[in-house]
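In what follows, a single structure is set out as structure tokens and then discussed.
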Amino acid sequence: MISGSILSGEIDSKKLIIEFDKSNVDYVHLDIMDGKFTENKTWTFNEIKKLCDLTSKKLDTHLMVKKPIKYIKDYALLNNEYITFHLECDEDILNVINVIKNYGIKVGISIKPDTDINKIFPYLTYIDLVLIMGVTPGKSGQEFMEESLDKIKLLRDKINEIGRSIIISVDGGINENNAKDCIDAGADMLVSASYLHKDIKNNVNVLKNMF
């Protein structure tokens, strides 16, 4: 699966989301930033809603925020398949999981590159997706950290061990040169921004054909 990412720093966000809507991308990935958990800050919710009205694609929302609960009520109104928050947030993890589930939306947890993958294992019983960051959250155009492949492999082994169907998503620096490595390590979903934006229609298909 491919999730096409748009970022608030993009001048042509409207154009991008329309192009994603016409492509074979599986999801549109929204990066929501509060300027505290990350250096950058995202659009307002009203701006996001106007963008999302331009696509019929399911959304894959990534809350890069310190306090995700106050964001969930608004974003649950959108066409989300997944809402993902960070293990490193300032709120009780199980409580955030339950709040998202109460809206009938699938739950994801993301981890930063420097977070031990083992820390997410206790929550695998409760969630539907794990988002492994291959770059430091908040900035587009960074290079993929190769050590993330080891995390993907360890996570895939653990998910297989417990026998649950949990999506492994990878975000950050994904392109035609490293996508297959992520898939071979166990990734089910690839999130890409910069690479896809160069030629959305073609590059979505390039990545999809690697699965």
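The values are calculated or read from the model by the stated rules, or taken from the named source; none is laboratory data. As the structure is a computational prediction, the values presented were derived from the model and not from experiment. Cβ atoms come from the backbone with ideal geometry, glycine included; neighbour counts cover every protein chain shown.
Taking the range 17-38 as the region of interest, how many residues are touching a residue at least 60 places away in the same chain (Cβ under 8 Å) and farther than 12 Å from SER3 by Cα?
Number satisfying all stated conditions: 5.
Being modelled with pLDDT under 95 and either more than 25 Å from GLY186 (Cβ to Cβ) or among the aliphatic types (A, V, I, L, M) (or both) is the requirement here; does ASP74 meet it?
Answer is yes for this residue.
I'd like to verify a number: residues in the range 36-69 that are under 16 Å from GLU88 (Cα atoms) and of a type in the set (Lys, Arg), how many?
Qualifying residue count for the region: 3.
If you check ASP21, ASP53, ASP26, which single one turns out to be under 28 Å from ILE120 (Cα atoms) and out of contact with any Gly (no Cβ under 8 Å at 6 or more places or on another chain)?
ASP26
For the range 93-104, what are the residues that are touching a residue at least 12 places away in the same chain (Cβ under 8 Å), over 15 Å from LEU124 (Cβ atoms) and surrounded by fewer than 16 Cβ atoms within 10 Å (Cβ to Cβ)?
Correct list: ASN95, TYR103.
Does the range 54-66 contain at least one residue that is surrounded by 14 or more Cβ atoms within 10 Å (Cβ to Cβ), β-branched (Val, Ile, Thr) and farther than 17 Å from LYS112 by Cα?
Within the range 54-66 (the criterion being surrounded by 14 or more Cβ atoms within 10 Å (Cβ to Cβ), β-branched (Val, Ile, Thr) and farther than 17 Å from LYS112 by Cα), the answer is yes, since at least one residue qualifies.
Which of the residues spanning the range 170-211 are touching a residue at least 60 places away in the same chain (Cβ under 8 Å), assigned to a helix (DSSP H, G or I) and out of contact with any helix residue (DSSP H, G or I) (no Cβ under 9 Å at 6 or more places or on another chain)?
Those that are touching a residue at least 60 places away in the same chain (Cβ under 8 Å), assigned to a helix (DSSP H, G or I) and out of contact with any helix residue (DSSP H, G or I) (no Cβ under 9 Å at 6 or more places or on another chain): ASN205, LYS208.
Looking only at the range 156-167, decide whether some residue is outside any loop (DSSP other than H, G, I, E, B), buried (at least 22 other Cβ atoms within 10 Å of the Cβ) and modelled with pLDDT of 90 or more.
No, the range 156-167 contains no residue that is outside any loop (DSSP other than H, G, I, E, B), buried (at least 22 other Cβ atoms within 10 Å of the Cβ) and modelled with pLDDT of 90 or more.
So, in the range 187-203, of the ones that are more than 16 Å from the chain's Cα centre (by Cα) and of a type outside the set (S, T, N, Q), which residue ends up surrounded by the fewest Cβ atoms within 10 Å (Cβ to Cβ)?
LYS198
Looking at the range 7-31, which of its residues are at pLDDT 85 or above and aliphatic (A, V, I, L, M)?
Passing the criteria: LEU16, ILE17, ILE18, VAL25, VAL28, LEU30.
For the condition surrounded by 18 or more Cβ atoms within 10 Å (Cβ to Cβ), without any contact (Cβ under 8 Å) to a residue 60 or more places away in the chain and of a type in the set (D, E, K, R), what is the one hit in ASP74, ASP116, ASP90, ASP128?
Answer to the check: ASP128.
Would you pick out the residues in the range 90-115 that are of a type in the set (A, V, I, L, M, F, W, C) and farther than 24 Å from ASN79 by Cβ?
Those that are of a type in the set (A, V, I, L, M, F, W, C) and farther than 24 Å from ASN79 by Cβ: ILE93, LEU94, ILE111.
For the range 32-60, how many residues are within 27 Å of ILE168 (Cβ to Cβ), part of a strand (DSSP E or B), at pLDDT below 90 and in contact with a strand residue (DSSP E or B) (Cβ under 6 Å, 6 or more places away or on another chain)?
Qualifying residue count for the region: 1.
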